[in-house]
Every structure is written in structure tokens, then in C-alpha cells.
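Notes follow the structure.
The values are calculated or read from the model by the stated rules, or taken from the named source; none is laboratory data. Keep in mind that what you see is a predicted model, and the values were worked out from it rather than measured. Neighbour counts run over all protein chains shown; Cβ positions are idealised from the backbone, glycine included.
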Amino acid sequence: MNDLTDPGINHGASMNTNTTAVNPNLDYTPEVRDALHTGRPVVALESTIISHGMPYPQNVQTAREVEDVVRDHGAVPATIAVLGGRIKVGLNAEELELLATDKGVQKISTRDLPYTVAMGLHGATTVATTMRIAHLAGIRVFATGGTGGVHRGAATSMDISADLTELSRSEVCVVSAGVKSILDIGLTLEYLETLGVPVLTLGSAEFPAFYSRQSGFASPLSVKTPEEVARVLRAKWGLCRPEGSAGLEGGVLLANPIPEGAEISRAEIDPHIQQALSDMGALGIVGKETTPYLLGRIVEITEGRSLSANIALVKNNASVAAQVAEAYAGQGL
Ligand code: PSU
Ligand code: MN
């Protein structure tokens, strides 16, 4: 039998335990610190979705409810952000409110992290940055709404989300409802293959498209249960070099289709997405502003329906992430 025990973040030092040492560069809430110390399941959550992905007050309400979903499943939520230059792993109620309301909170990708820390600024972390910080904290499972990807027109704009790069680097399983068709889904899947990132869809052979359960693209791989996901994670991260360092570094993307009752069909959402893309073109919006603009514009065009769908899928992802974290923390898989 292969030894599939988790090598942990201190490779070699914690070979026979799932507990994780505290990283002095990070500020943990007591709840998260205790959970990591005792090997209880923890689910990381991002903060760009709060500051730049949803309007107030739905953003802070959703952030609280998503944390509750994680707790209801017996795991501990760790919402990640940078506040006053300190990297936070777990936030209190006032900190969540600040992220939801303060206009000075920047959307920060991995490239922005050192500047935000050095200048003592506030930063809402994208999927990429949240993955990296989760990895530094030894958190293996992370729930979000949708991940970034290869933007339409990337052949000339080169706009490819750093979320994809980070999936090839950090040992974290990201649970998302797939990739929105504001992006180029086919190219996103191609690029993830190039980067060596396993893409699993839960309960379906088709890769989902965020608001819609179907995208028209087959999922590279599919799984039936959170336990199967945990087995894949152990197989990937348990494969070590003889001295204990990772043999297959990087993350796993778990796509979790939006619940049937909450979905907006492709036929219905696609014209709205086209409209939002053409409005963005007319305004000349590019770079890091594109994803927040498109999300906000689609909420306007659909008169809030896309926001309800977004909230439903994030909660669904939090529930699955908690179950994956639970299965991964358990022994004897
Ligand atoms: N997709 C959503 N909501 C979001 C985002 C993506 O449905 O809020 C955010 C995530 O934080 C993601 C980021 O990491 O947008 C991607 O931004 P960009 O495309 O600039 O890499
Ligand atoms: Mn981009």
C-alpha cells in the first residue's frame, strides 16, 4: 500500500499527523487556529466576492450565511483578506462589514500581495491570492462562487486570470460552480490541462457554466461524492519525492453545478452576457476591472436574478467544500 498520509505544510516535520503549525506571518481567529491545531476540517473563503463581486448589503449577508453553511456541516470557515497590511485567516463581524462597505478596499491578486502588506493597506483577495494564503496556512479546501479564467479575446488582450496560474502552484482544492461564459470556457479548460490541474465535476459529465448547469463542454474528469474528491486529493498530494517534498504540486479544481432550482439556462443568460460584454467594450473597461464590471452589469440587466443565482451557488459550494474538508480530514480513505 502507498503511504497516503498528508505531508502537511512542513514537509517531513508532520508526516504522521494532520495538524498544522501556526504561520507567524498570518493573523488567525482563535476558531481557525484551534481547528488547524487539532486537525479539524477548515474551509477557506475569498473576499473579492464580498468587496467587488456583489452589491451591499447582499454581499455581507451572503458572507455571513456562507460561513454558517460551513459551520452547519461541522467545518470551520476561514474568510481570508488583508486588513491594514496584515494577512487575516478568519474574520470577525466588524471586519466582514468593513470589507463589504469600505471603498478603499482594493481587489488584490497575487502580484499585489507584497505591496498591500508593505503599505499597510486593505485588500480583498481573489481566488488566486486566497489560494496562496490558504496554502501558507495549511488549509486544503476553499469554496468560492466562480473562478477566473481565459477571457474572451485573450489571443490579443493576454487577459488570463492569475487564478489559473495559482491552481498550478498552491496545494488547495477550489470548489466553484465552474466558469462563467463571460470567459472563454474552452480555452480555460485547455489552459488548465497545460498547467496540469485536475478538473473534476461533481455529479455530472459536463463542466458547468456558473449560472447554468451546462456549458456545452465535457468535464475532463467527474466524481460522484465528496469522498471521491478526498481520495483524489490524497492521491495527488500524497505522491511525494523520497525526501518528502510534493511530487505533484498545485491544486485541484472541483466544479459543482448550481442547484437546479436556482439556475438560469444558457439560452436565457447568454444574450445578457453578450449585452454586458458589449457595454464594457463601449466603456473601454480592461484588466482587473472587467470581472467586477461584468458581474455588476449582469445583475442590472437581469434585475437581480443573477445575484440570487450567485448567492445560491456560493452556498452550495460551501456545503460541498465542508464535506470534502471533512472527508479529507478523516482517516482510512
Ligand atoms: N467570479 C465570480 N465572482 C467573483 C469573482 C469571480 O463569479 O467575485 C472574482 C474572484 O475573486 C476571482 C476574480 O478570483 O473575480 C477573478 O478576477 P480576474 O478575472 O481579474 O482574475
Ligand atoms: Mn485579468
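Answer with yes or no whether residue 113 is away from ligand 2 (no atom under 14 Å from the Cβ), more than 27 Å from residue 257 (Cβ to Cβ), aliphatic (A, V, I, L, M) and outside any helix (DSSP H, G or I). The answer is no for residue 113.
Here is a yes/no grid of residues against (1) part of a loop (DSSP other than H, G, I, E, B); (2) farther than 20 Å from residue 101 by Cβ; (3) more than 16 Å from ligand 2 (Cβ to nearest atom); (4) modelled with pLDDT under 95:
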| position | (1), (2), (3), (4) |
| --- | --- |
| 3 | yes, yes, yes, yes |
| 6 | yes, yes, yes, yes |
| 35 | no, yes, yes, no |
| 56 | yes, no, yes, no |
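In this structure, is residue 303 free of Cβ contacts under 8 Å to residues at least 60 places away in the same chain and either among the basic types (Lys, Arg) or within 16 Å of ligand 2 (Cβ to nearest atom) (or both)? Spelling it out, it is not the case that residue 303 is free of Cβ contacts under 8 Å to residues at least 60 places away in the same chain and either among the basic types (Lys, Arg) or within 16 Å of ligand 2 (Cβ to nearest atom) (or both). Residues in segment 281-300 that are of a type in the set (A, V, I, L, M) and within 25 Å of the chain's Cα centre (by Cα) were compared, and the one that is farthest from ligand 2 (Cβ to nearest atom) is 299. Total residues in segment 134-182 satisfying the condition of being within 11 Å of ligand 1 (Cβ to nearest atom) and not hydrophobic (A, V, I, L, M, F, W, C): the figure is 15.
Among the residues making up segment 17-44, those that are over 11 Å from residue 137 (Cβ atoms) and surrounded by fewer than 18 Cβ atoms within 10 Å (Cβ to Cβ) are 17, 19, 24, 30, 31, 34, 37, 38, 39. Among the residues making up segment 60-74, those that are under 13 Å from residue 321 (Cα atoms) and either of a type outside the set (D, E, K, R) or crowded, with 22+ Cβ neighbours inside 10 Å (or both) are 66, 69, 70, 73, 74.
The helices (runs of 4 or more DSSP H) found wholly in segment 256-333 and carrying at least 2 residues that are within 14 Å of ligand 1 (Cβ to nearest atom) and farther than 19 Å from residue 215 by Cα occupy 290-301, 305-329. The single condition among (1) farther than 20 Å from residue 167 by Cα; (2) hydrophobic (A, V, I, L, M, F, W, C); (3) surrounded by 15 or more Cβ atoms within 10 Å (Cβ to Cβ) that residue 233 does not satisfy is (1). In this entry, residue 281 is excluded by the filter for residues that are under 24 Å from residue 109 (Cα atoms), in contact with a Gly (Cβ under 7 Å, 6 or more places away or on another chain) and either among the small types (Gly, Ala, Ser) or surrounded by fewer than 19 Cβ atoms within 10 Å (Cβ to Cβ) (or both). Restricting attention to segment 94-110, the residues that are more than 16 Å from ligand 2 (Cβ to nearest atom), hydroxyl-bearing (Ser, Thr, Tyr) and buried (at least 21 other Cβ atoms within 10 Å of the Cβ) total 0. If you take the residues of segment 235-268 that are in contact with a helix residue (DSSP H, G or I) (Cβ under 9 Å, 6 or more places away or on another chain) and at pLDDT below 95, which of them is farthest from residue 128 (Cα to Cα)? Ranking the candidates gives 247 first. Only one of the listed residues (233, 248, 253) is under 16 Å from residue 172 (Cα atoms) and in a loop (DSSP other than H, G, I, E, B). That residue is 248. In summary, residue 265 fulfils each of the numbered conditions (1) in contact (Cβ under 8 Å) with a residue 40 or more places away in the chain; (2) surrounded by 17 or more Cβ atoms within 10 Å (Cβ to Cβ) with the single exception of condition (2).
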